[in-house]
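Since the structure comes first, as C-alpha cells, the remarks are kept for the end.
The values are calculated or read from the model by the stated rules, or taken from the named source; none is laboratory data. The structure presented is a predicted model; accordingly, all values stated were derived computationally and were not measured. Virtual Cβ from ideal backbone geometry, glycine too; neighbours counted across all protein chains shown.
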Amino acid sequence: RDLLHRWETLIPTSHPARAAPGRIYRPEDLRRGIADGELVCHFQPKVGRADGALTGVECLVRWQHPADGLVFPDQFVPLAERSGLIDDLTQAVLEQALHQARAWQDTDLRLDVAVNVSMANLLALDFPNLVADRLAAAGMAPERLVLEVTESQLMRDRVTSLDILTRLRLKRVGLSIDDFGTGHSSLAQLRDVPFSELKIDRGFVHGAAGDPALQAMFDASLGIARQLGLKTVAEGVEDPDDWLYVRGTDCDMIQGYLIGRPMPGPDLPGWRADWARR
Ligand code: C2E
Ligand code: CA
Ligand code: CA
Ligand code: CA
C-alpha cells in the first residue's frame with residue numbers, strides 16, 4: 001500500500017515526495033493546515049465496466065504540508081475525527097470538489113463527484129443544509145454529488161446519523177456504502193440507510209481472479225445490490241487479472257490503480273483523452 005501511494009506521487013511531476021509515513025501530527029498542526037488552505041483534492045476515475053466510459057470520480061484528500069510534502073489521509077483524517085476538526089475538513093473538501101466538478105462541467109465534462117464523509121460528520125444536524133448550500137454555491141445539481149459513507153466506531157448517535165442520511169437522500173444527493181463487506185460496513189446499514197450505490201471493498205476485488213472464495217463474496221454483494229436497486233462499484237482493480245475477473249461480472253462501475261490513479265483535477269481531461277484512445 002505504501003509503495004502504491006508513492007507510485008501515485010511519481011506520476012504527476014509536480015508532486016513532492018510523500019511525507020514520512022510515521023510522522024505524527026498534532027491537532028494544532030492540522031488546524032493551521034486547514035486554515036491555510038493546504039488540503040488538496042485528488043480525483044480518481046470511476047469508469048463503466050462494460051464500456052469504459054468515464055462517468056465519475058472519487059475525491060481523495062491530501063495534505064500539502066509545507067515541510068513534509070504530500071501527506072495521505074490515513075495520517076490525518078483519524079486525527080481530524082478525534083480532535084473536532086472533521087467538520088472543517090469535510091467542508092473544505094466538499095467546496096473544492098464541487099468547485100472542480102463545476103469547472104469540468106463548464107468545459108463539457110459532466111462527472112459525478114464522490115466525496116468521503118466521516119460518520120463524525122453525521123452528528124451535525126445542519127450537515128444536509130450545508131451540503132445543499134455548497135451545491136447551490138457551485139451551481140451543481142444534487143444528483144451529481146455522491147457521499148461515500150463508511151461506518152466506524154465513531155457512530156455515536158445512530159438515530160441522528162440515519163436521520164441526516166435520509167434527509168440528504170431526500171435532497172437527491174447520492175449515498176454510497178463504502179468498503180462494503182468489511183467489519184464496519186454491513187448488512188444492517190443496508191437495511192436502515194437509503195443508499196443509492198454499493199462499493200465492494202478492494203479486499204474482495206484484488207486477487208479475486210485466483211480465489212473462488214473472494215468470487216463468491218463478490219457475487220453475493222452484487223446480488224444484494226441488484227435486489228435493492230443499488231448501483232455497484234468494484235474498487236481496487238489493481239492489475240490485469242483483477243480486470244479480467246471483474247469484466248466478466250455485471251458490476252456497473254470499476255475503479256482502481258489499473259484504470260487510473262488519483263490525480264489533480266486539472267489532469268483529468270487529459271487522462272480521459274488517453275483512456276479513450278486505449
Ligand atoms: P477509501 O474511501 O476506501 O478510498 C480508496 C483508497 O484506496 C484511496 O486511498 C485510494 O488512493 C486507494 N486506491 C485506489 N485504487 C487502488 C488500488 O487499485 N489499489 C490499492 N491498493 N489502493 C487503491 P487514500 O487516498 O490514501 O485514502 C484512504 C482513506 O482515507 C479512504 O479510503 C477514505 O476512507 C479516507 N479519505 C480519503 N479522503 C477523505 C476525505 O476527504 N474525507 C474523509 N472523511 N475521509 C477520506
Ligand atoms: Ca471512498
Ligand atoms: Ca473504499
Ligand atoms: Ca477504505
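Quick check: anything in region 269-276 within 16 Å of ligand 1 (Cβ to nearest atom), surrounded by fewer than 20 Cβ atoms within 10 Å (Cβ to Cβ) and within 30 Å of Asp106 (Cα to Cα)?
Step one: filter region 269-276 for residues within 16 Å of ligand 1 (Cβ to nearest atom), giving 271, 275.
Checking which are surrounded by fewer than 20 Cβ atoms within 10 Å (Cβ to Cβ) leaves us with 271, 275.
Next cut, within 30 Å of Asp106 (Cα to Cα) only: 271, 275.
So far as region 269-276 goes, yes, one or more of its residues are within 16 Å of ligand 1 (Cβ to nearest atom), surrounded by fewer than 20 Cβ atoms within 10 Å (Cβ to Cβ) and within 30 Å of Asp106 (Cα to Cα).
Here are some residues: Asp250, Asp219, Asp241. Which one is within 15 Å of ligand 1 (Cβ to nearest atom), surrounded by fewer than 20 Cβ atoms within 10 Å (Cβ to Cβ), over 29 Å from Phe127 (Cα atoms) and modelled with pLDDT of 95 or more? Spell out the reasoning first.
On the way: Asp250 fails: within 15 Å of ligand 1 (Cβ to nearest atom); Asp219 fails: within 15 Å of ligand 1 (Cβ to nearest atom).
Checking each option against the conditions leaves just Asp241.
Under 7 Å by Cβ, and 6 or more places apart or on different chains, what pairs join a residue from region 180-202 that is on the phi > 0 side of the Ramachandran plot with one that is within 13 Å of ligand 3 (Cβ to nearest atom) and charged (D, E, K, R)?
Gly181/Asp201
Would you check if there is a residue in region 255-273 being closer than 30 Å to Asp163 by Cα and in contact (Cβ under 8 Å) with a residue 24 or more places away in the chain?
First, pick out the residues of region 255-273 that are closer than 30 Å to Asp163 by Cα: 255.
Checking the rest, the ones that are also in contact (Cβ under 8 Å) with a residue 24 or more places away in the chain come to 255.
Within region 255-273, one or more residues are closer than 30 Å to Asp163 by Cα and in contact (Cβ under 8 Å) with a residue 24 or more places away in the chain.
Working carefully through the options Thr166, Thr182, find the one that is part of a loop (DSSP other than H, G, I, E, B) and of a type in the set (Val, Ile, Thr).
Values: Thr166 fails: part of a loop (DSSP other than H, G, I, E, B).
Matching residue, one of Thr166, Thr182: Thr182.
Look through Ala136, Ala92, Ala132, Ala103 and report the one residue that is in contact (Cβ under 8 Å) with a residue 60 or more places away in the chain, out of contact with any Asp or Glu (no Cβ under 6 Å at 6 or more places or on another chain), more than 21 Å from Leu198 (Cα to Cα) and surrounded by fewer than 21 Cβ atoms within 10 Å (Cβ to Cβ).
Working: Ala136 fails: in contact (Cβ under 8 Å) with a residue 60 or more places away in the chain; Ala92 fails: in contact (Cβ under 8 Å) with a residue 60 or more places away in the chain; Ala132 fails: in contact (Cβ under 8 Å) with a residue 60 or more places away in the chain.
Residue meeting the stated conditions: Ala103.
All but one of (1) in a loop (DSSP other than H, G, I, E, B); (2) surrounded by fewer than 20 Cβ atoms within 10 Å (Cβ to Cβ); (3) not polar (S, T, N, Q) hold for Phe195, so report the exception by its number.
(2)
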